[in-house]
Ligand code: ADP
Ligand code: MG
């Protein structure tokens, strides 16, 4: 691992920008360097929230004495050498920028010894320049960063208190630790041991480390996921519905072991859970996504938190499908078993269902009477026998997709249907001018209304094709943003209130036809084995 300065044609291809915003960013960069150096032991010592001191020592491969001055130069790295490497990154670092950035805003000392070097060398960098001197150290590297932003007082002003900055550091260390279970990690603050994580050799999901970081409650209330498809794999733990949170802070996702905060992945998680948790709440999960390195571009953002997937749609859909079917299969069917045993509506009517179900299994084919093949479980879920196999179907998600496809295939204007009783609705006064301007556009989506007073409208029609539309819900979801690119398609679908208990025979037919035309094992439909199916009915 020798260090070279990248030629300008490669350096220019690297996502530019500031990586060091605060002490926690220094810690993140140094930890990534230790991991790239194949360290198995890392100790972190922090002084005064990192504002005074950050010292990270590892037992990695070390840096050769001649390379020490190079390490702090801009675009100097041992991790890539040619342009092509940028499209196939297997290391955490590749920009050759971190140490240079740190050296420009703090005093830095690097002491390092590779295996083949007799003794360690120490590079000291400060405002006077650098100096190299012999030092005592085992194989590995220690990097000490002092007085962060000593030469940038304005930036220092934007930092939080000692406690606040340390919390951010602790969070970085915790997140990092779950990407490197084989590395033992210790964290000290002002001389006090805060975190001591031993290297774990067993399955991460069972390790003490996850328990220490996510808590025992998470382990007890989560289900394991381990799925793969077409070279992509996903494993980890999915928190169940008891663990809902008011923010997204406990959704940790790693892509090829890199901790990321990626919008596409966050969206996939939200979508997967949308029928399981309350709107506005966030699930807890710890997920590891592995994907061929040439299918993901990490050179998008200087801090490497964001990614660009070559086939984003495939990754997104794989995640949604894997998570949803897991949630339906394990978590939800348990819930269903529980709810069904308590639900009065099932008493009496379903006594003969287990045997009936088995008969259905034997005799069923798609042309059989629909009623014989449907078991509505609650407002959202049904078991449907398709081609002799039982499927647990999320009817809410299925109907949403069904109506979305209909809307996409229908050209505007949508046919409207008069409401028997027009709906009187008070609009947000800030939005009133937009209602006036866009009255005709609403009409295009089958929604006709009149102004009947200050901030009040009377809705007279809704689109024919959306029988379950809750028009008030739709109007309550309107924001200024909606009016900037007026398209109500997804809002319409999000405002459907579908209750499986009230489904008509025609609707069943339409959904069944739709289901059989689409891939059966999808986001809203999962095949069950006999035991799972029987367990759903066992309490009925
Ligand atoms: P990058 O990690 O993007 O290559 P950095 O500025 O973080 O850039 O580090 C520059 C180089 O210094 C690395 O490529 C690596 O060769 C060397 N280096 C940094 N930290 C360590 C370490 N802890 N152990 C061994 N080598 C290191
Ligand atoms: Mg680095």
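The values are calculated or read from the model by the stated rules, or taken from the named source; none is laboratory data. Note that the structure is a prediction, hence the values are computed from the model and not measured. Quick reminder, even Gly has a Cβ in these numbers, built from the backbone with ideal geometry, and neighbours come from all protein chains shown.
Key figures
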read-out	value
In region 406-424, residue surrounded by the fewest Cβ atoms within 10 Å (Cβ to Cβ) [restricted to those that are in contact with a strand residue (DSSP E or B) (Cβ under 8 Å, 6 or more places away or on another chain) and assigned to a strand (DSSP E or B)]	418
Selection count where residues are more than 24 Å from residue 404 (Cα to Cα), under 35 Å from the mean Cα position of the chain (by Cα) and surrounded by 13 or more Cβ atoms within 10 Å (Cβ to Cβ), scope region 425-467	4
Residue in region 275-297 that is surrounded by the most Cβ atoms within 10 Å (Cβ to Cβ), counting only those that are at pLDDT below 90, touching a strand residue (DSSP E or B) at 6+ places or on another chain (Cβ under 7 Å) and in a loop (DSSP other than H, G, I, E, B)	275
Residues of region 481-499 classified as surrounded by fewer than 16 Cβ atoms within 10 Å (Cβ to Cβ) and over 21 Å from residue 412 (Cβ atoms), total	2
Long-range neighbours under 7 Å by Cβ, at least six apart or interchain, first residue more than 24 Å from residue 310 (Cβ to Cβ) within region 83-100, second more than 8 Å from ligand 2 (Cβ to nearest atom) and assigned to a helix (DSSP H, G or I)	99/71
Residue 106 being touching a helix residue (DSSP H, G or I) at 6+ places or on another chain (Cβ under 8 Å) and within 9 Å of ligand 1 (Cβ to nearest atom)	no
The listed residue being touching a helix residue (DSSP H, G or I) at 6+ places or on another chain (Cβ under 8 Å), away from ligand 1 (no atom under 11 Å from the Cβ) and within 23 Å of residue 153 (Cβ to Cβ), out of 27, 19	27
Test for residue 205: is it closer than 23 Å to residue 34 by Cβ, in contact with a helix residue (DSSP H, G or I) (Cβ under 9 Å, 6 or more places away or on another chain) and modelled with pLDDT under 90	no
Residue check, residue 176 within 26 Å of residue 40 (Cα to Cα), touching a strand residue (DSSP E or B) at 6+ places or on another chain (Cβ under 9 Å), within 16 Å of ligand 2 (Cβ to nearest atom) and touching a residue at least 12 places away in the same chain (Cβ under 8 Å)	yes
Residue 478 being surrounded by fewer than 19 Cβ atoms within 10 Å (Cβ to Cβ), in a loop (DSSP other than H, G, I, E, B) and modelled with pLDDT of 85 or more	yes
Only one of 50, 60, 96 that is modelled with pLDDT of 95 or more and on the phi > 0 side of the Ramachandran plot	50
Strands (runs of 3 or more DSSP E) contained entirely in region 1-113, each with at least 2 residues that are within 15 Å of ligand 2 (Cβ to nearest atom) and crowded, with 23+ Cβ neighbours inside 10 Å	53-58, 107-113
Condition check for residue 116: free of Cβ contacts under 8 Å to residues at least 12 places away in the same chain, assigned to a strand (DSSP E or B) and either within 10 Å of ligand 1 (Cβ to nearest atom) or loosely packed, with under 15 Cβ neighbours inside 10 Å (or both)	no
Which listed residue is under 30 Å from the mean Cα position of the chain (by Cα), more than 30 Å from residue 65 (Cα to Cα), crowded, with 19+ Cβ neighbours inside 10 Å and at pLDDT 95 or above, from 214, 176, 166	166
Options 50, 60; residue that is in contact with a helix residue (DSSP H, G or I) (Cβ under 6 Å, 6 or more places away or on another chain), away from ligand 1 (no atom under 16 Å from the Cβ) and under 30 Å from residue 255 (Cα atoms)	50
Flag for residue 130 being more than 11 Å from ligand 1 (Cβ to nearest atom), at pLDDT below 95 and touching a strand residue (DSSP E or B) at 6+ places or on another chain (Cβ under 8 Å)	yes
Residues of region 14-47 classified as on the phi > 0 side of the Ramachandran plot and modelled with pLDDT of 95 or more, total	1
Verdict on residue 500 being modelled with pLDDT under 90 and farther than 30 Å from residue 376 by Cα	no
Every residue from region 298-309 that is touching a helix residue (DSSP H, G or I) at 6+ places or on another chain (Cβ under 8 Å) and either part of a strand (DSSP E or B) or modelled with pLDDT of 90 or more (or both)	309
